[in-house]
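The values are calculated or read from the model by the stated rules, or taken from the named source; none is laboratory data. Small disclaimer: the values here were computed from a predicted structure and weren't measured. Here the Cβ positions follow ideal geometry from the backbone for every residue, glycine too, while neighbour counts run over all protein chains shown.
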Amino acid sequence: MTDIRKPVADLLTDYDIFDPEFVKNPYPGYSEIRESQCPIAHTDRYQGSWLPTRYEDVVAIAQEFETFTSRQILVMPPAEGRNEGAYAGVAAPPITSDPPDHHWHRRLILPIFSPQSVAKYEQGTRDLCNALIDEFIDKGTADAAADYAQHIPVRVIATMLGVPLEMEPEFTEWVRGVLENMTDGEVRIKAFRNIVEFFIGQVEDRKKNPRENDLITELMNAEVEGKKVPIEYVLGVCQLMLVAGIDTTWSAIGSCMWHMAKHPEHRKQLRENPDLWPTAIEELLRVYAPVTMARIVDHDIEFQGCPMKAGDRVLMAFPAANRDPRQFENPDEVILDRENNRH
């Protein structure tokens with residue numbers, strides 16, 4: 001597919017979030033929109049969307065689920081064939097659901113990420129990180145993203161799901177197919193179907209061979225009000241963990257490493273004050289927010305002067321909100337001991 005883009009005429013009325021130049025460094029663009037008289041931009045590209053950039057607006061949209069629904073969380077419309085046949089109903093719970101379903105979706109998945117559950121993977125993850133470093137330490141140089149950051153979440157998520165670690169290349173290809181080809185519906189739907197078909201196979205295997213201490217088996221046996229959850233829920237959670245878990249995590253790890261490579265004073269600060277790590281991680285996640293999500297307007301509404309129509313897409317630009325000077329002092333600066341940091 002040939003990707004031909006017309007130049008952006010005006011960020012406030014014609015932004016293109018998939019423009020390679022914008023993707024490289026979106027922050028000046030976000031700032032231009034945020035500090036304008038119209039901090040919620042609009043574009044007709046990709047069937048149209050709104051782009052709020054101020055912290056208070058993004059928070060309001062995230063919280064007002066009766067107006068801004070989570071039924072679809074991508075700013076791009078679903079690719080053709082996305083909801084056909086075996087793929088129908090496979091979403092990404094709980095992030096693609098609204099109350100009241102969101103409550104039980106969240107209740108079932110939260111134990112997976114409780115401190116006690118996550119602690120079981122700590123030593124294995126440390127061993128993995130050390131093994132990856134061992135592969136390049138004698139060289140004295142490495143591509144921190146390709147040789148290190150991108151391997152960690154794939155293997156950890158695979159371990160959590162109880163699926164073969166040898167599938168790492170396929171998992172990586174599928175995740176990239178889904179998330180890095182937003183303007184190519186054919187590539188995106190093929191990658192999505194590969195993921196769903198893989199997990200259908202995993203579910204069928206567990207029907208024949210149930211496993212103990214196995215996440216997919218536990219999801220298949222989960223009940224809500226005395227009834228087992230639908231298989232679409234199981235497939236949805238699995239694909240969410242694979243796609244969202246891998247992409248956001250390798251982005252966050254890579255951004256942190258890139259920052260530390262450029263700022264030896266911060267490496268020194270953390271070596272001398274290791275107790276700062278929890279605060280530092282939150283600050284790095286604020287400055288280099290690895291995720292955005294969309295909402296769908298449920299009914300016609302005027303929001304902050306913008307005439308939004310039912311079905312409109314609204315991109316919650318967390319990276320823009322996290323650098324709003326109305327909320328964060330010196331927002332573009334990494335302050336490892338920043339105290340007020342509700343990002």
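Within segment 184-240, count every residue that is within 30 Å of Val75 (Cβ to Cβ) and outside any helix (DSSP H, G or I). The qualifying residues number 3.
In segment 20-44, of all residues being at pLDDT 95 or above and aromatic (Phe, Trp, Tyr), the one that is nearest to Tyr55 (Cα to Cα) corresponds to Tyr30. Name every residue in segment 41-68 that is aliphatic (A, V, I, L, M) and under 21 Å from Arg342 (Cα atoms), in order of residue number. Selection gives Leu51, Val58, Val59, Ala60, Ile61, Ala62.
A quick yes/no check of all residues on (1) farther than 27 Å from Val118 by Cβ; (2) touching a residue at least 40 places away in the same chain (Cβ under 8 Å):
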| site | (1), (2) |
| --- | --- |
| Glu168 | no, no |
| Asn181 | yes, no |
| Asp184 | yes, yes |
| Phe198 | no, no |
| Glu204 | yes, no |
| Lys208 | yes, no |
| Ile216 | no, yes |
| Glu223 | no, no |
| Gly226 | yes, no |
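Applying a threshold of 8 Å to beta carbon distances and a minimum spacing of six or more residues, or different chains, the list of pairs starting in segment 111-139 at a residue that is assigned by TED's automatic domain parsing to the domain that holds Leu219 and ending at one that is polar (S, T, N, Q) reads Pro111/Ser117; Tyr121/Thr159; Gly124/Thr159. It is to be established whether one or more residues within segment 98-113 are closer than 30 Å to Ala222 by Cβ, surrounded by fewer than 15 Cβ atoms within 10 Å (Cβ to Cβ), of a type in the set (Phe, Trp, Tyr) and out of contact with any Asp or Glu (no Cβ under 7 Å at 6 or more places or on another chain). Checking segment 98-113: at least one residue is closer than 30 Å to Ala222 by Cβ, surrounded by fewer than 15 Cβ atoms within 10 Å (Cβ to Cβ), of a type in the set (Phe, Trp, Tyr) and out of contact with any Asp or Glu (no Cβ under 7 Å at 6 or more places or on another chain). Looking only at residues of segment 123-141 that are part of a loop (DSSP other than H, G, I, E, B) and at pLDDT 95 or above, we find that the one that is surrounded by the fewest Cβ atoms within 10 Å (Cβ to Cβ) is Glu135.
For segment 286-340, which positions are in a helix (DSSP H, G or I) and in contact (Cβ under 8 Å) with a residue 60 or more places away in the chain?
Within segment 286-340, Phe318, Pro319, Ala320, Ala321 meet the criteria.
In segment 228-239, which residues are surrounded by 19 or more Cβ atoms within 10 Å (Cβ to Cβ) and either among the aliphatic types (A, V, I, L, M) or free of Cβ contacts under 8 Å to residues at least 40 places away in the same chain (or both)? Correct list: Val229, Val234, Leu235, Val237. For the criterion of being at pLDDT 95 or above, within 18 Å of Leu315 (Cα to Cα) and not hydrophobic (A, V, I, L, M, F, W, C), Ser49 passes.
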